[in-house]
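To start, the structure under review is shown below, and the notes come after it.
The values are calculated or read from the model by the stated rules, or taken from the named source; none is laboratory data. What you see is a predicted model, and the numbers here were worked out from it, not measured in a lab. Counting neighbours? That spans all protein chains shown, and the Cβs are built from the backbone with ideal geometry, glycine included. Just so you know, the surface numbers come from the protein's heavy atoms only, side chains and all, with ligands and any DNA or RNA stripped out. Shrake-Rupley method; radii C 1.70, N 1.55, O 1.52, S 1.80 Å.
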Amino acid sequence: MPNPDPVNPSRPSLALYYPYFLGGGAEAVCLWMIEALKQRYALTLFTLVSPRWSHLNAMYGTHIEDHEVVVQALVPQKLGSIVHFWVANNPDCRKIAIHWVLRYFKAKTARYAGVISGYNGADLGRPGIQYVHWVKVLEGDRKRYNRISNFSLDRLRQNLSLVNSGVVAQAVAKNYGTASQILYPPVVIPVVNVPWTEKTDSFICSGRLVAAKAPHRVIEMVSQLRQQGQNVHLHLTGGGGGMYAQKYQRFLGQLIRDNPAWITLHENLSYGAYVDLLSTCRYGIHIKQEPFGIVVAEMLKAGIIPFVRSKGGQVEIVGSQPELLFDDETDGVAKILAVLQSPDLQHQLLTRLHDRKVLFSSDRFCQEMTTVVDRYLQTPHPG
């Protein structure tokens, strides 16, 4: 008999694996999993350091309280800042933390009614549910980490896979040989209804300020637009990439300092300030090919027209709209210029994008997540 809820024994027990809370789209999905399931199931979260629910609720729009989730943490909260520093800045420490928590999870969850990974594909010790943001995150290519948790790809393949986009579904099929179900992440940024006429001719580029996200290429695109007579500005938001990205940070910082009249850096904005900034911008640019691209969905919900690469999960956010999809910087500048010069096209795009917002609502996510778990637990599984 699985562990019952001591308050309401009729509620099945669920164990949720998520190794650490350091920000990002995957973290938002995990928190909304908890929000979706907390009333119907007795939840236990296995993680490195106990989360501060009040802080996370403010960041992601959830309403999780201490009594709604039992937390099994491996590190005392007083050491949390030190541990999180090393996890954020050292890839080896990060992998060790991931597998250390997973080892503890597998040792303690045999008697739960169900097990779930909110942190990508995982060997949970028995068949369960996994939400995959991208493939090969836990297992990687270094087997020495896998030995910490006795990681098995065969057991990972026995899980029901939920994915955040069709791009990730294809990657799961290719790398794991299994089918998956698309469940778009919730986008919970509060809407600030600023009329289009009151927004500024500004672009926003959001995300970590690291080479992989290529904000320097966005700067070059906006520079070309200005050279063609467009009086547009660029807002860069996000945090750094830790001690390993210092060289790129210096390079990017020099580009910003060279163009102070039209580039503004907003580093480590508060959530409220980020929402306010989104509401004032008309346009966004996201140049990296993403498995999903939560910042693009935030732009969509804030009433921004986002221009994105023509390959990747971000295409599923904006839909099949060739005016917003670019192959490279030259193509992107040409398409952005066409939109900037046509108020009619701007209106058409805003109307089409508005209809896509419902795909990423928290209500839809919660309903679908609950249905998936209900059906899964009603079906017998080996192991």
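Things to note:
- Among the residues of region 55-79, those identified as in contact with a strand residue (DSSP E or B) (Cβ under 8 Å, 6 or more places away or on another chain) and of a type in the set (S, T, N, Q) are 72, 77.
- Consider region 334-355 and keep the residues that are closer than 25 Å to residue 193 by Cβ and part of a loop (DSSP other than H, G, I, E, B). The one that is least open to solvent (accessible area, probe 1.4 Å) is 342.
- Qualifying positions in region 356-383 - assigned to a loop (DSSP other than H, G, I, E, B), among the polar types (S, T, N, Q) and more than 18 Å from residue 13 (Cα to Cα): 361
- Taken together, the residues in region 271-301 that are hydroxyl-bearing (Ser, Thr, Tyr), open to solvent by 30 Å² or more (accessible area, probe 1.4 Å) and not in a helix (DSSP H, G or I) amount to 0.
- Only one of the listed residues (159, 193, 164, 146) is over 22 Å from the mean Cα position of the chain (by Cα) and crowded, with 19+ Cβ neighbours inside 10 Å. That residue is 146.
- Of the helices (runs of 4 or more DSSP H) lying entirely inside region 49-146, the ones with 3 or more residues being modelled with pLDDT of 95 or more are found at 91-108.
- Selected residue [out of contact with any helix residue (DSSP H, G or I) (no Cβ under 9 Å at 6 or more places or on another chain) and open to solvent by 60 Å² or more (accessible area, probe 1.4 Å)] from 331, 327: 327
Matching residues to (1) open to solvent by less than 70 Å² (accessible area, probe 1.4 Å); (2) touching a residue at least 60 places away in the same chain (Cβ under 8 Å):
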residue	(1), (2)
35	yes, yes
48	yes, no
70	no, no
92	yes, no
102	yes, yes
110	no, no
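- Total residues in region 196-237 satisfying the condition of being without any contact (Cβ under 8 Å) to a residue 40 or more places away in the chain, within 26 Å of residue 59 (Cβ to Cβ) and open to solvent by 10 Å² or more (accessible area, probe 1.4 Å): the figure is 3.
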